[in-house]
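First the structure, in the form of structure tokens, and then the observations on it.
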């Protein structure tokens, strides 16, 4: 299971509520006529991620079965049936950045994930076997541990999506030099 995660914000002069309505329309369009391999999508209002600056942002998750389905979604998003909803949101968009994450353990349930824990590792440091550590205390029925597979811009290595931050991501438990940023999110 993969997720294309896209962080973005409205263009200057575009009201966040107007932008959120356009984003919601696009997500409803994709859900109503899902392309092959598409699982689900959700958009959140989220604080600005460290890697994008200090302007509050939106965070979209598009969950697909595999890399082939990601290509199908990419084509469908600007294809017949979705183009007008896509373009309405795109015309109002400001800067953005994305990455592709793979689900390591847990579930891809996004709607209940009110907390995102973004975990960074220092450059050049080998990743120890972290799934057990990061997932410690995580309710696998309602949370998921994701690892970045492809960076399309700056993005952390790992993400835990959950109702609350699990104990495994506490600062005292992470390897030396690693950091965790916990953000609260609200679905739009």
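Brief remarks follow.
- Complete set of residues in the stretch 97-114 that are in contact with a helix residue (DSSP H, G or I) (Cβ under 8 Å, 6 or more places away or on another chain) and farther than 12 Å from residue 161 by Cβ: 97, 100
- Leading residue by the ranking (surrounded by the most Cβ atoms within 10 Å (Cβ to Cβ)) among those in the stretch 171-188 that are touching a residue at least 60 places away in the same chain (Cβ under 8 Å) and in a loop (DSSP other than H, G, I, E, B): 185
- Test: residue in the stretch 91-103 that is surrounded by fewer than 16 Cβ atoms within 10 Å (Cβ to Cβ), outside any strand (DSSP E or B) and at pLDDT 90 or above: yes
- Residue within the stretch 9-19 that is in a strand (DSSP E or B), within 14 Å of residue 110 (Cα to Cα) and touching a residue at least 60 places away in the same chain (Cβ under 8 Å) present: no
- Subset of the stretch 135-168 (residues that are crowded, with 21+ Cβ neighbours inside 10 Å, within 21 Å of residue 111 (Cβ to Cβ) and at pLDDT below 80): 135, 138, 166
- Sole exception among (1) in contact with a helix residue (DSSP H, G or I) (Cβ under 8 Å, 6 or more places away or on another chain); (2) closer than 15 Å to residue 95 by Cα for residue 59, by number: (1)
- Test: residue in the stretch 36-52 that is exposed (fewer than 15 other Cβ atoms within 10 Å of the Cβ), over 18 Å from the mean Cα position of the chain (by Cα), at negative phi and without any contact (Cβ under 8 Å) to a residue 24 or more places away in the chain: no
- Verdict on residue 62 being surrounded by 18 or more Cβ atoms within 10 Å (Cβ to Cβ), free of Cβ contacts under 8 Å to residues at least 60 places away in the same chain, part of a strand (DSSP E or B) and touching a strand residue (DSSP E or B) at 6+ places or on another chain (Cβ under 7 Å): yes
For (1) touching a residue at least 60 places away in the same chain (Cβ under 8 Å); (2) under 20 Å from residue 147 (Cβ atoms), each residue gets a yes or a no:
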position	(1), (2)
66	yes, yes
77	no, no
89	yes, no
105	no, yes
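The values are calculated or read from the model by the stated rules, or taken from the named source; none is laboratory data. Just so it is clear, the model here is predicted, and its values are computed rather than measured. Backbone-built Cβ (ideal geometry, glycine too); neighbour counts: all protein chains shown.
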